[in-house]
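Trainee: Once you've had a glance at the structure underneath, I'll fire off some questions.
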Amino acid sequence: MSGTFRAIVAEKTDGGQTVELREVDESILMEGDVDVDISHSTVNYKDGLAVTGKAPIARISPLIPGIDFAGTVTASRNGAFKPGDAVVLTGWGVGEAHHGGFAQKARVKADWLAPLPEGMAPDQAMAIGTAGFTAMLCVMALAEQGVAPGDGEVLVTGASGGVGSVALALLAGRGYAVTAATGKTGETDYLKSLGAAEVIGRAELSARPRPLGKARWAGAVDVAGSVTLANVISQLKPGAAVAACGLAQGMDLPSSVAPFILRGVKLIGVESVYCPRARRMKAWQTLAKELDMTKLAAMTRHIRLEDVFGAAEDITRGKIRGRLVVDIA
Ligand code: NDP
């Protein structure tokens with residue numbers, strides 16, 4: 001017998017989309033070999049775009065948005081998981097082409113799930129969420145490029161946002177001297193509490209990029225793209241690297257080859273959705289080991305499913321500080 005559960009559902013219409021919180025029948029669940037009772041989800045930038053309809057994130061209609069969730073397995077037709085297992089999911093097109101985390105239940109492929117890391121609570125996993133997971137991938141990428149604590153200033157753009165806040169806390173935890181760039185200068189104390197050695201205004205990275213700027217950064221994590229990323233590239237020290245993961249400012253990149261051919265700088269793309277399993281596990285284990293959970297709590301606000309609509313609007317306007325956890329259970 002099929003039951004019902006609460007979910008946010010987005011449906012395409014002739015003029016755009018409708019999106020509402022409603023009771024849905026379990027028959028809405030899509031193909032998958034593991035059933036999960038969701039306890040927590042989060043609102044990421046991409047979720048904001050999906051729920052507001054500001055960008056075509058939804059690739060099916062109807063769609064339950066929410067690109068990540070944590071919860072407990074209730075049924076499994078795959079040997080990798082059994083009922084009672086605590087799991088976390090980010091990416092794999094969930095919340096885009098497959099029903100996602102803004103719901104009490106999900107049915108997904110076992111390959112998409114990761115066991116909840118030892119010692120991490122499900123709400124902490126979602127305080128990290130796709131944004132924090134991506135921040136970890138960025139920090140790993142910089143370390144792999146040889147950017148080491150002690151090399152000099154490392155920059156984080158969009159520092160008060162989700163990726164930025166976690167990247168800042170992780171880098172400071174490793175002993176890097178982190179400069180936080182933000183449009184919210186009122187958040188200076190918050191950014192220093194996460195470990196920023198210095199806070200600069202976003203405007204400093206918004207001028208028309210020169211082919212080569214003053215070489216300042218030993219490394220950088222960029223969530224903005226566009227003019228900001230172009231300025232970061234032109235200000236990298238010789239041999240330095242920037243991990244680029246976002247487009248909060250824009251998709252374009254008005255840069256030149258000068259920093260690449262004259263300073264040997266490196267532009268490293270970071271992609272979280274289809275991150276291979278071994279790297280995914282490494283990122284979650286490193287987050288469990290390195291991320292200061294007191295700082296994580298300080299950057300996190302809890303909301304309910306009904307609050308997702310307002311939060312989605314706010315995140316697309318760059319108004320959210322840190323991370324939002326959606327309490328579902
Ligand atoms: P948030 O909205 O939480 O943070 C983005 C931050 O960027 C804002 O808080 C703001 O920080 C800054 N910002 C906003 N607008 C602008 C602008 N016009 N110019 C410069 N900075 C701006 O989003 P997330 O941290 O969750 O995501 C950040 C980006 O990373 C998004 O573009 C998202 O799509 C991308 N992303 C990519 C992933 C991947 O797999 N590659 C995975 C996850 C996220 P402040 O006010 O402090 O400047």
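The values are calculated or read from the model by the stated rules, or taken from the named source; none is laboratory data. Computed from a prediction, not measured in an experiment: that's the story for all the values here. Note that we place each Cβ from the backbone using ideal geometry, even for glycine, and neighbour counts take in every protein chain shown. Areas reflect the complete protein model, heavy atoms only, side chains present, ligands, DNA and RNA absent. Shrake-Rupley method; radii C 1.70, N 1.55, O 1.52, S 1.80 Å.
Trainee: Among Ser206, Leu137, Met281, flag the residue with its Cα farthest along the positive direction of the charge dipole of the chain, charges on Cβ as +1 for Lys/Arg and -1 for Asp/Glu.
Mentor: The one lying farthest along the dipole's positive direction is Ser206.
Trainee: Cross-link candidates for Lys105: which lysines have Cα within less than 17 Å, leaving aside residues fewer than 8 places away along the same chain?
Mentor: Lys82
Trainee: Sticking with this structure for a sec: Amide H to amide H, which residues 5 or more places from Thr42 or on other chains are under 5 Å from it, using H placed in the peptide plane?
Mentor: Asp68, Val326
Trainee: Put a dot 7 Å past each Cα toward the Cβ at Leu212 and Ala75; how far apart are the dots in nm?
Mentor: Simple spin-label model gives 6.5 nm for this pair.
Trainee: Quick check: the distance between the Cα centres of the range 1-57 and the range 77-134, to the nearest angstrom?
Mentor: Centre-to-centre (Cα) distance: 15 Å.
Trainee: Could you compute the net charge surrounding Pro149? Neighbours are other residues with a C-beta less than 13 Å from the C-beta of Pro149; K and R count +1, D and E count -1.
Mentor: -2
Trainee: List, in the order given, every pair from Lys12/Lys54; Lys54/Lys282; Lys46/Lys184; Lys12/Lys109; Lys12/Lys46; Lys109/Lys282 whose Cα-Cα distance in the structure shown is over 23 Å.
Mentor: Lys54/Lys282; Lys12/Lys109
Trainee: In addition: With helices defined as uninterrupted DSSP H runs, which ones in the chain have an alpha carbon span along their own long axis of at least 15 Å and mean Kyte-Doolittle hydropathy of at least 1.0? If you can, show how the numbers build up before the last one.
Mentor: Details: long enough: 122-144 (29 Å, 1.03); 162-173 (17 Å, 1.93); 277-290 (19 Å, -1.34).
Span-like helices here: 122-144, 162-173.
Trainee: To continue, here is another question. Pairs of alpha-carbon atoms within less than 8 angstrom and 6+ residues apart define the contacts here; what relative contact order does the chain have, in percent?
Mentor: That works out to 19 percent.
Trainee: So, one more: Work out the length of the dipole vector of the chain about its Cα centre, built from +1 on the beta-carbon of each Lys and Arg and -1 on the beta-carbon of each Asp and Glu, and round it to the nearest 20 debye.
Mentor: 1080
Trainee: Label the range 1-67 by shape, choosing from rounded, prolate and oblate, from the square roots a ≥ b ≥ c of the eigenvalues of the Cα gyration tensor; if a/c is under 1.5 it is rounded, and otherwise prolate applies when a/b is larger than b/c, oblate when it is not. Can you show the working numbers first?
Mentor: Details: a/c = 1.97, a/b = 1.46, b/c = 1.34.
Cα axes put the range 1-67 in the prolate bin.
Trainee: Here is a further query. Suppose every Lys and Arg Cβ carries +1 and every Asp and Glu Cβ carries -1, with no other charges. What dipole size does the range 149-221 come out with about its Cα centre, to the nearest 20 debye?
Mentor: 260
Trainee: Classify the chain from the C-alpha gyration tensor, please: rounded if a/c falls under 1.5, else prolate or oblate depending on whether a/b exceeds b/c.
Mentor: It comes out prolate by the Cα gyration axes.
Trainee: For the range 81-203, with only Lys/Arg (+1) and Asp/Glu (-1) charged at the beta-carbon, what is the dipole magnitude about the Cα centre, in debye rounded to 20?
Mentor: Values: 8 positive and 11 negative charges, 75 e Å.
The dipole of the range 81-203 has a size of about 360 debye.
Trainee: Counting residues in the range 100-225 as N, plug N into 2.2 N^0.38 Å and put the Cα Rg over that result.
Mentor: The range 100-225 yields a ratio of 1.20.
Trainee: Just the number, please: carbon plus sulfur as a percent of the accessible area of the chain, 1.4 Å probe, no ligands or DNA/RNA counted.
Mentor: Using a 1.4 Å probe with all protein chains present, the chain comes out at 52 percent carbon and sulfur.
Trainee: Can you work out the base-10 log of I(q)/I(0) for the range 187-329 at q = 0.13 1/Å, using the Debye formula on its C-alpha atoms alone?
Mentor: At q = 0.13 Å⁻¹ the computed log10 ratios are -0.76.
Trainee: Residues with amide H under 5 Å of Gly161's amide H, sequence separation 5 or more or different chain, H placed in the peptide plane at 1.01 Å from N; which?
Mentor: Result for Gly161 returns Gly322.
Trainee: Count charges around Ala55 for me, please; just the other residues with Cβ under 14 Å from its Cβ, Lys/Arg as +1, Asp/Glu as -1.
Mentor: +2
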